């Protein structure tokens, strides 16, 4: 059967499969193809696919022998008016499925949870995600179906991460961003990963082996404990120094570094001026913020001024990581500090 398809490198195949499934864009009635170093994923004809996820194509696929629902929503029995409110997307973290349910559908939560467990291969528990709260960025989760809690092992970019979704921040939607930043790191760099959560940026950079030192900082002790647990399985653990500390306290005595990652989308702006002071000339800051689509270009100019001004800093990259709400996106801004030696 011929179908719309997405061709991705085998090393990124699992990340792409999970992203398509999260978006309700993966056809589950057709068998995924493997062609040498490439994986070919069957895609729903009308689905919107994020740019950069893979190469669009048309391919012949074999149907799966067993009948499968095209989307989890096909497995939920609801009145037509309420069915239209069912979210199309959800998150998969290890064997955990998370979904945000509108208040009008909360009474149907167990039915939605059961449908997700039937739809997602290997899923153990489904939960309602009520967002991240507090200074330690813990999610408020309500079990819908399944059992045994929200601790799991999540595989991303070839690394197995210890995750506890109730205790520490982690987003599976940033897998490509973790890999992209790691690829930018040059040999011998010293890197600070601030508000690191369970450390996916730090561990991915350490795995690639070019950085001389990575310091991963978070104020949530549970996040740092999970990072240490992940590192205990890694042969490159000695490249990462996990620190449980408040960012302000850490920055007050931090050593100069070549690269800083600041992923605190709602509150990171208050740390940006201090971050600028610890970056060496020629160094880089990766900053993440939930930004209104209207006026996003003007926001970049404001951020340059906040980090230290155009005399010392320039914007070298700005891109949308993923939509956050109907009006906002999670945006990655990358700033470079001027190196006077290069102008001499």
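The values are calculated or read from the model by the stated rules, or taken from the named source; none is laboratory data. Computed from a predicted structure; not experimentally measured. Neighbour counts are summed over all protein chains in view; Cβ atoms, including those assigned to glycine, are modelled from backbone coordinates with ideal geometry.
So the values come out like this:
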item: In region 79-90, residue nearest to residue 159 (Cα to Cα) [restricted to those that are in contact (Cβ under 8 Å) with a residue 24 or more places away in the chain and surrounded by fewer than 20 Cβ atoms within 10 Å (Cβ to Cβ)]; result: 89
item: Complete set of residues in region 204-226 that are touching a helix residue (DSSP H, G or I) at 6+ places or on another chain (Cβ under 6 Å) and part of a helix (DSSP H, G or I); result: 204, 205, 206, 208
item: Any chance residue 131 is under 18 Å from the mean Cα position of the chain (by Cα), assigned to a loop (DSSP other than H, G, I, E, B) and surrounded by fewer than 17 Cβ atoms within 10 Å (Cβ to Cβ); result: no
item: Meets criteria (in contact (Cβ under 8 Å) with a residue 12 or more places away in the chain, farther than 20 Å from residue 178 by Cα and touching a helix residue (DSSP H, G or I) at 6+ places or on another chain (Cβ under 8 Å)) for residue 41; result: yes
item: Top-ranked residue of region 264-299 - restricted to ones that are in contact with a strand residue (DSSP E or B) (Cβ under 6 Å, 6 or more places away or on another chain) and part of a helix (DSSP H, G or I), ranked as nearest to residue 333 (Cα to Cα); result: 299
item: Region 170-179, residues that are surrounded by 19 or more Cβ atoms within 10 Å (Cβ to Cβ) and assigned to a helix (DSSP H, G or I); result: 172, 174, 175, 176, 177, 178, 179
item: Options 238, 258: the member that is farther than 14 Å from residue 161 by Cα, modelled with pLDDT of 95 or more and loosely packed, with under 15 Cβ neighbours inside 10 Å; result: 238
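Yes or no, residue by residue, for (1) in the same structural domain as residue 143 (by TED's automatic domain parsing); (2) in a loop (DSSP other than H, G, I, E, B):
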| site | (1), (2) |
| --- | --- |
| 12 | no, no |
| 16 | no, no |
| 45 | no, yes |
| 49 | no, yes |
| 81 | yes, no |
| 105 | yes, no |
| 111 | yes, no |
| 115 | yes, no |
